[in-house]
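Asks: The structure's right below; bear with me while I get my questions together.
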Amino acid sequence: MRAQATGRGDAKLIVFGEHSVVYGRPAVAAGLPSGAEATVRRSDDPGLTIDHPGGRLPVDDQLEVAADALLSVFDVDPDRLAIHVDIQIPVGVGLGSSAALATAISRALARLTGLRGREANATVEEAVAASETVFHGSPSGIDQCAAIDGRFFSFSPNDNQPVTRLDVPATTWVVARVGPPSSTAEMVASVRQLRARKRQFIESLFDDVADLTRRGIRALEAGDWKTVGEAMNRNQRLLKKLDVSTPDLDVACRAARDAGALGAKLTGAGGGGCIVALPPADDIDAVGRALQDHGEVFRFEL
Ligand code: MEV
C-alpha cells in the first residue's frame, strides 16, 4: 500500500459558450499548461492545505463541503490523510481553479488507493463532478473535461460523446485578470433567474451563442483568426445581455480591441475575473501592454 502519491489537473480557458453550455449549447475550451498539483499522504496529522499565487488559501465552508464530497468517492479514511495542493493560477477568476484542484487531488487519491485504468478514470470523474457540483451548482462539465484532459476541444453536453478534440493551429492568447474573484455558483444562479423571468429572450440568446460557437469552431480549425475574433466579440455582447459582464470587464475588452486585438471577451463565469483577448500575430505585445493597466496579464501559447 502506498504512503504518498501525487496528481495534477489543468486550468482552462473558455473561448466560446460559457453559461449557454449549462443549457445544452456547445462551447469551446482549452486546458492551460498550468493548473494544480496535489500531494496526498497517509498521516496521523490530517488536514488540507492549499497554496496559490496569493499565499495560503483559507479552507472555508464551501471548500470543506467540496472536499468531503470528493473524498467520499474513494475508499479512504479522511481522518488519516494529509493533503497539500499548489495551485499555479489565480483562484476564482474564471480559469477553472476548482476543477484543477479537484482533479489533482482525485488523481493523487486514485494512485494512493491503487486504482488503475478505467476504474481510476471513472472514479476521478465521479469525484471531480461531486466537487464541482458544490462550486458550480449545476456544472455543465466543461471545466472538468479541461482539467482532466487538457488540449482544445468543443463540448456539447447533450451529445453521447460531448467532447470533440479540435485541431487548432498554435497561437498566443492573452488573458488579463481584471476583476475580483466571483462565485461561479452565484453567477450560474443569476442566469437561471434571468432565464426564469425572460425565457424566450434568453433561449434565443443561447441559440445565437450556439451559432457563433459553431462558426468559431470552424474558424479556429482553419486558423481564420479574424473570424475567431469577430465571434469572440459577438459572444461578449451576448454575455453582457446575460448580465454576467461588469463595467471593468467591458472596459478591458475595449482596451484590448483598441490595441489591435482581433477579439476579446470575458472568460468563465464572469461577475469579475478574467478576459481573454486574441492579439494579432504581428503585435502581441501591444495588447499585453494595453491590458497591464487593467490587471495582471498572462500569455498562453496554445
Ligand atoms: C464556468 O467556468 C463555466 C460556466 O458555463 C459554468 C459551467 O459550465 O459549469 C459558467
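Asks: Along the charge dipole of the chain, which of P162, P181, V124 sits closest to the positive end, that is, farthest toward it, with unit charges on the beta carbon of Lys, Arg, Asp and Glu (+1, +1, -1, -1)?
Replies: Result: P162.
Asks: Then there's this: Once Rh for the chain is found with the Kirkwood sum over Cα pairs, what is the Stokes-Einstein diffusion coefficient at 10 °C and 1.306 mPa s, in µm²/s?
Replies: 82
Asks: Would you mind checking the pairs K12/K265; K12/K241; K198/K226; K12/K198 and listing those with alpha carbons more than 22 angstrom apart?
Replies: K12/K241; K198/K226; K12/K198
Asks: Now a separate question. Order by neighbour count: K265, K240, fewest other Cβ atoms within 10 Å first, most last.
Replies: Lowest count first: K240, K265.
Asks: Another question, then. Find out how many positive minus negative residues lie around A185, taking Lys and Arg as positive, Asp and Glu as negative, among other residues whose Cβ is under 12 Å from that of A185.
Replies: -1
Asks: Taking the alpha-carbon centroid of each part, what is the distance from the range 197-276 to the range 1-75 in angstrom?
Replies: 26
Asks: Expected output is a single nm value to one decimal: the length gained when fully extending between E296 and R197, i.e. 0.36 nm times separation in residues minus the C-alpha distance. What is it?
Replies: 32.0 nm is the gain from fully extending E296 to R197.
Only the coordinates and a few stated rules stand behind these numbers; no lab work does. Keep in mind it's a predicted model, so treat the numbers as computed, not measured. Ideal geometry is used to build each Cβ from the backbone, glycine not excepted, and the neighbour counts take in all protein chains shown.
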